[in-house]
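Notes to accompany the following structure.
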Amino acid sequence: MTHSAPPPIAAAIATRPGLSDETTGMLLGLVAVAIFSLTLPFTRLAVGGALASHGAGLSPTFVALGRALVAAVLAGGWLAWKRAPLPPRSALLPLAMVAIGCIIGFPWLTSIAMRSLPAAHGAVLVGILPLATAVFGALLAGEKPSAGFWIMASVGSALVVGFALGQSGGSLHLADLAIFLAVLLAAMGYAAGGRLSQTLGGQHTICWALVLSAPVLLPLVGWLCWQEGPQLAAASAAAWTGFAYVSVFSMFIGFFFWYRGMALGGVARVGQVQLVQPFLSLLGAAVVLGEALEWPTIVFAIAVIAVVGAGRKMQVKRG
């Protein structure tokens, strides 16, 4: 199958001389993580869980499903522009897993959690996503990480979970369970999409997953607009700004880099780049929402980045 050219930044990275596929995949994954790192701060802004000065917010369900529908419209336009062929029947199950995990499950559950949890708290819980992605990579993508890789992944995940527990006084909120379930669903979608993107292409993978979910999303979002009309009309400009970011960047553009990176570098290895995402999210929460950024965060960030560097040197056999 002939794939269309990747986005300009991705193309520049992918064609840089002297870079291996693994290194290129890691760089593309880092671009995606930088985009994804602002998802929780902007989601919290969209649902009105931030400072009162940001004004009224949108409902978590509307944010989750509405952003997916906006991205599906963009994806449909992109596929039509590229005159992309229909995906093969064998791709339908992986595409469904991407839709359930990344397009519906993760956005919906995190939108609910962001109503009550600070973005900084939720961000560090998402730090276990690399380990979960590696697990699903082994189950779905046929990858075989070495024992050293698993040790580094576990250490990194333990660091961010320990950080989360420390920040919450040693206990987890009910909304934390929503975050953990969201992480499992996202990891499933990442692994299934990363595997599929090796044959279907990264852009085609996320675009077809979005388009195939549109028939479910359209009536639900239409019903929400009818039910929540006054709330939508009263939502602040800040809430709509947050909604716009998670629709265009978190749900659409970021995945172009993410799945292309996984196709080149492997699901488990590129997934480890996500270990730095919680701390980029903390910086984003400080800038976007004005949440406090404390010095222990910097210490943990340095420790996690060191683990990522060590994990990158560990062997991962690809199926």
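The values are calculated or read from the model by the stated rules, or taken from the named source; none is laboratory data. For clarity, every value in this text was computed on a predicted model and none was experimentally measured. When we count neighbours, we look across all protein chains shown, and the Cβ atoms used for this are built from the backbone with ideal geometry, even at glycine.
Under the condition of being over 29 Å from Gly76 (Cα atoms) and either touching a residue at least 24 places away in the same chain (Cβ under 8 Å) or basic (Lys, Arg) (or both), the residues counted in the range 230-267 number 1. I want to confirm something. Restricting to the range 34-64 and keeping residues that are at pLDDT 90 or above, surrounded by fewer than 24 Cβ atoms within 10 Å (Cβ to Cβ) and aliphatic (A, V, I, L, M), which single residue is farthest from Phe255 (Cα to Cα)? Restricting to residues being at pLDDT 90 or above, surrounded by fewer than 24 Cβ atoms within 10 Å (Cβ to Cβ) and aliphatic (A, V, I, L, M), the top hit is Ala34.
Within the range 113-164, if we keep just the residues that are aromatic (Phe, Trp, Tyr) and in contact (Cβ under 8 Å) with a residue 40 or more places away in the chain, the residue that is farthest from Gly48 (Cα to Cα) turns out to be Phe149. Scanning the range 220-241 for residues that are of a type in the set (A, V, I, L, M) and surrounded by 13 or more Cβ atoms within 10 Å (Cβ to Cβ), we see that the one that is farthest from Val288 (Cα to Cα) is Leu220.
Consider Ala235 carefully, then state whether it is modelled with pLDDT of 95 or more and under 24 Å from Leu45 (Cβ atoms). In short, no. The one condition from (1) more than 18 Å from Glu22 (Cβ to Cβ); (2) in contact with a helix residue (DSSP H, G or I) (Cβ under 9 Å, 6 or more places away or on another chain); (3) modelled with pLDDT of 75 or more; (4) surrounded by fewer than 22 Cβ atoms within 10 Å (Cβ to Cβ) that Ala147 does not meet is (2). For the range 128-136, state whether one or more residues are more than 25 Å from Leu282 (Cβ to Cβ) and among the polar types (S, T, N, Q). Scanning the range 128-136 turns up no residue that is more than 25 Å from Leu282 (Cβ to Cβ) and among the polar types (S, T, N, Q). Considering only the range 23-49, state which residues are under 20 Å from Leu65 (Cα atoms) and part of a helix (DSSP H, G or I). Answer for the range 23-49, where residues must be under 20 Å from Leu65 (Cα atoms) and part of a helix (DSSP H, G or I): Ile35, Phe36, Thr39, Leu40, Pro41, Phe42, Thr43, Arg44, Leu45, Ala46. Evaluating Leu140 against the criteria (1) among the aliphatic types (A, V, I, L, M); (2) at pLDDT 80 or above; (3) more than 18 Å from Val273 (Cβ to Cβ) leaves one unmet condition, (2).
Looking across the range 229-255 at every residue that is farther than 25 Å from Gly101 by Cβ, part of a helix (DSSP H, G or I) and of a type in the set (S, T, N, Q), the one that is nearest to the chain's Cα centre (by Cα) is identified as Thr241. The criterion of being out of contact with any strand residue (DSSP E or B) (no Cβ under 9 Å at 6 or more places or on another chain), among the polar types (S, T, N, Q) and more than 22 Å from Ala191 (Cα to Cα) holds for Ser116. Out of everything in the range 1-15 that is outside any helix (DSSP H, G or I) and at pLDDT below 60, what residue ends up being surrounded by the most Cβ atoms within 10 Å (Cβ to Cβ)? Here the residue is Pro6.
The residues of the range 257-306 that are surrounded by fewer than 24 Cβ atoms within 10 Å (Cβ to Cβ), closer than 25 Å to Gly48 by Cα and of a type in the set (A, V, I, L, M), listed by number, are Leu280, Leu283, Ala286, Val287, Val288, Leu289, Ala292, Leu293. Each residue in the range 276-293 was checked for being at pLDDT below 85 and closer than 25 Å to Gln203 by Cβ, and 2 of them qualify.
Counted as qualifying within the range 53-164 are the helices (runs of 4 or more DSSP H) with 2 or more residues that are closer than 21 Å to Val308 by Cα, namely 119-125, 129-140.
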